[in-house]
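> Got a structure here, written out as structure tokens. Questions coming.
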Amino acid sequence: MAKAQDESPATSRSPRRKTTGTGKSGSAGAARARKANAARPLVGGVGISSPDRIIDVDSGATKRRLAEFYLEVADWLLPHLRGRPLSIVRAPEGVGGETFFQRHMGRLKMPHVRQLDPSLDPKHARLLQIDEVTGILEAAQMGTVEFHTWNARSDRIDRPDRIVFDLDPDPSLPWSRMVEATCMTLDLLADFGLQARLKTSGGRGMHVIVPLTRRQDWECASGFARRITERLATEAPERIAAKMGAQNRVGKIFVDYLRNQRGASTVAAYSVRARPGLPVSVPIGREELSGLGAANRWTVDNLMQRLREQGDPWPADEPGQCITWAMRDRLRKGG
């Protein structure tokens, strides 16, 4: 213990007293610490500041509720984050406020969020990756609502392991048109011998995901995706758009292939979206598609019941699929 100095040591005969921390100053410090701890309740071992701040007016969800949801859903979310570079969408002021899309750490303090080797993206700051639940909760504490991942893993970042089609509709279209466009996409891929998976975007559309073996480069994957979209638009020009922009999808659905470029990302399965009601992007089976009614059906309030009752509809093992020269030649020739 540090000792308190006497005012006049040469004349004072009183013994020097040690500070014990139990006096007024010590009590005040302990009170401040207790107050700080009470203001930052732990969720999964991570202190959450401003826990009762409303982040979504529609649902009344608080910052702590979002963190608790991510702790509940972590076993389903982590397999989709682990091993992949990711971006985060932060909404420090809540869903109705300004959002920030971040691929790098910046000034954020998240000890359990990995910063990857700078050689993976040498012209930019180090990429991020989350491999454990504590990293998810630290990100939530920093105002993160959404988690987006690359279509490649960090151990072979030059070889994508999936293709993603994001079906983005004219908002005026009925759900039946989304069902139709999704089925058209699945059927065309199946005609080329490719199996695909489905998940809701958590917004208005659907995501069609084609798992791949890691043999093709980004140019091959993105080129193949673009030609699939162009084929769909050729076969149903009154229903499918191959060009982005609201003016190009009036009365149509844009099958977005642009998420298949190096550095692009897509919201992860079981990630919350920074939208009113806090909807979640959720994997589904094809047989569920027509009965969904909307792509934002599941939220932080009702998803866990689905998972407890049905589990994850995606198979544990992804099929080993390759984009062959025969497939590419057939697309180019219009066959």
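The values are calculated or read from the model by the stated rules, or taken from the named source; none is laboratory data. From a predicted model like this one, the values you see are computed outputs, not experimental measurements. Heads up, the Cβs are rebuilt from the backbone with ideal geometry, glycines too, and the neighbour counts pull from every protein chain shown.
> Quick test of your reading of the structure: Ala264 fulfils all but one of (1) closer than 19 Å to Asp187 by Cβ; (2) outside any helix (DSSP H, G or I); (3) in contact with a helix residue (DSSP H, G or I) (Cβ under 9 Å, 6 or more places away or on another chain); (4) not β-branched (Val, Ile, Thr). Name the failing condition by number.
Answer for Ala264: the failing condition is (1).
> Turning to a different aspect of this structure: Tell me, which strands (runs of 3 or more DSSP E) lie completely within region 60-175 with 1 or more residues that are touching a His at 6+ places or on another chain (Cβ under 9 Å) and in the same structural domain as Arg249 (by TED's automatic domain parsing)? Quick ask: steps written out before the conclusion?
Working: elements: 86-90, 100-102, 144-149, 162-169.
Ranges flagged: 162-169.
> Also: Since Ile240 meets every condition but one in (1) under 27 Å from Ser87 (Cβ atoms); (2) surrounded by 22 or more Cβ atoms within 10 Å (Cβ to Cβ), which condition does it not meet?
It is condition (1) that Ile240 fails.
> Here's another thing I want to ask about it. Which number in (1) modelled with pLDDT under 95; (2) under 16 Å from the mean Cα position of the chain (by Cα) marks the one condition that Val272 misses?
Condition (1) is where Val272 drops out.
> Output the qualifying pairs, or none if there are none: Cβ atoms under 7 angstrom, residues six or more apart or on different chains, first residue in region 45-57 and within 20 Å of Lys109 (Cα to Cα), second residue basic (Lys, Arg).
Gly47/Arg40; Ile48/Arg40; Ile48/Lys63; Ile48/Arg64; Ser49/Arg40; Ser50/Lys63; Pro51/Lys63; Pro51/Arg64
> Still on this structure, please answer the following. Residue pairs, Cβ under 6 Å, 6 or more apart or interchain, first in region 105-123 and over 17 Å from Gly143 (Cβ atoms) and modelled with pLDDT of 95 or more, second aromatic (Phe, Trp, Tyr) and surrounded by 16 or more Cβ atoms within 10 Å (Cβ to Cβ). List them.
Sorted first by the residue in region 105-123, then by its partner, the list stays empty.
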